[in-house]
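What follows is a short report on a single structure.
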Amino acid sequence: MREFPKGVHSERVTRWAAALVGQFCFWVVGFFPLAGVAAWEQIAPLPTPNGGFGCAILNGKIVVLGGTNWKNERKEWLDGIWVYEPQAGRWETKGKLPQSLAFPVVAEAGEELLIAGGSDGTKPRNEIWRLQPSFKLTAAGELSQPRAAAVGGFVSGKLAVAGGCADPAALAGLCKGIEVHAWPKNDLIESALPMATGLAIGAYVAVGNELFVFGGSSRSATGELINSNETWKFNAVTGSWRQLAPYPVKARGAAAVALGAEHVLIGGGFGGPKDYFLATAYIYEVQQNTFHQSLDLPLAALVGLVDCDGYVYCLGGEDRERHRTDACFRIAVKELLATTR
């Protein structure tokens, strides 16, 4: 019978065995969460692997709009409207957008959704669309300029859309302004961004009268791509920007969702110390202007996040280059908030 070698070799074997046990425990806990331990629950996947889509809540249902995927090494731009009914636990197709569309701003405006800008894969768009609870889609105006991968939201009865770019794949042609449309008259007010070089593909969320923006990407004076950790909020009443505590990670493509009026979950994206896909997540305390690390997202990707009926849903996303995932998960908001540290 063979014996483990002694001395320095036995120390190596011990470390190897410990690592093996650690991996085993990781997978056991991942697939069979311990009682009382917060964990993401996997739900029905998206109808197709998808990233760069818009998502929001409409009439108590989760809506996913457009997006992109890859098939046979070819990027496809999607035009579908998909809806998830939490009670039924399944996805349904609810028609199509007027054209393929990814990286739009999607804003919850009362009982309807506003869809602004985005890219159809060949050029940025400037249309604003209204999606009603019946899933009827109607034209609702235009942005002053085409914008893809912009940030925005519906605040104080106004649609605010800021930054963005002409080409979300190359992050080229950055837009430097913000436009605010009084609704429903669609009167327009334009002003400059506080970021001199522009901003695209940042995490954004509307809370009360304010639009919060976390991270994103811009270009240096020499044209170098820069991931940001700056946090800003825009007050739609005063039309002013205020810089806040920095986001703990320099990242682009993160997602954000409001958990009531006091907390915001931000997570995922691309960047960080390894400049790669991220699963890291943080809770932002709105009143205290502080960040606390939260439970990681269930996958490292540029995901979509929504809050529906007391649960946070983590949807699909770009999880590696030239690839999209259809995986979806959820966790109770109370459980998630209890994991902050």
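Coordinate-derived values only; no laboratory data. Small disclaimer: the values here were computed from a predicted structure and weren't measured. When we count neighbours, we look across all protein chains shown, and the Cβ atoms used for this are built from the backbone with ideal geometry, even at glycine.
For region 149-247, the set of GluC sites (Glu not before Pro) satisfying both a DSSP loop assignment and a count of at most 11 other C-beta atoms within 10 Å is given as Glu224. Hey, could you get me the Stokes-Einstein D for the chain, Kirkwood radius over alpha-carbon pairs, 20 °C and 1.002 mPa s, rounded to whole µm² s⁻¹? The calculation lands on 104 µm²/s. With everything on Cα atoms, drop me the angle between helix 8-31 and the longest principal axis of the chain, reported from 0 to 90° to the nearest 10. Tilt of helix 8-31: around 40 degrees.
Using every pair of separate Cα atoms, the Kirkwood estimate puts the hydrodynamic radius of region 97-143 at 10.7 angstrom. The aspartates and glutamates within cross-link reach of Lys96, meaning a Cα-to-Cα straight distance under 12 Å and a gap of 8 or more places when in the same chain, are Asp79. Using a simple spin-label model with pseudo-atoms 7 Å out from Cα toward Cβ, Ala139 and Asn59 lie 2.4 nm apart. For the listed residue pairs Lys61/Lys334; Lys71/Lys136; Lys136/Lys334, the alpha carbons are over 23 angstrom apart in Lys71/Lys136; Lys136/Lys334.
Loop-located GluC sites (Glu not before Pro) in region 67-120 (DSSP state not H, G, I, E or B) with no more than 15 neighbouring Cβ atoms inside 10 Å: Glu73, Glu111. Between Thr197, Thr122, Thr231, the residue with the greatest mean-square fluctuation in the GNM of the chain (Cα pairs under 10 Å linked by springs) is Thr122. Taking the fewest neighbouring Cβ atoms within 10 Å as the starting point, the ordered list for Phe214, Phe154, Phe103 is Phe154, Phe103, Phe214.
Which order results if Trp241, Trp129 are arranged by neighbouring Cβ count within 10 Å, fewest first? Mind showing how you got there, number by number?
Numbers: Trp241 18, Trp129 21.
Ordered by Cβ neighbours within 10 Å, fewest first: Trp241, Trp129.
Evaluated over region 146-299, the count of Lys pairs having alpha-carbon atoms less than 27 Å apart is 9 (only pairs 8 or more residues apart or interchain). Taking other C-beta atoms within 10 Å as the exposure proxy, Ile283, Ile43 rank Ile43, Ile283 from fewest upward.
The calculated FRET efficiency for Arg341 paired with Ala182, based on their beta-carbon distance and R0 = 56 Å, is about 0.85. Reported to the nearest whole Å, the Cα centre-to-centre distance from region 301-341 to region 257-290 is 12. Modelled spin labels at Asp296 and Gln243, positioned 7 Å past Cα toward Cβ, are 3.2 nm from each other. If you take the charge dipole of region 51-337 about its Cα centre, with +1 on Lys and Arg Cβ and -1 on Asp and Glu Cβ, which of Gly110, Ser294, Gly67 is farthest toward its positive end? Of Gly110, Ser294, Gly67, it is Gly67.
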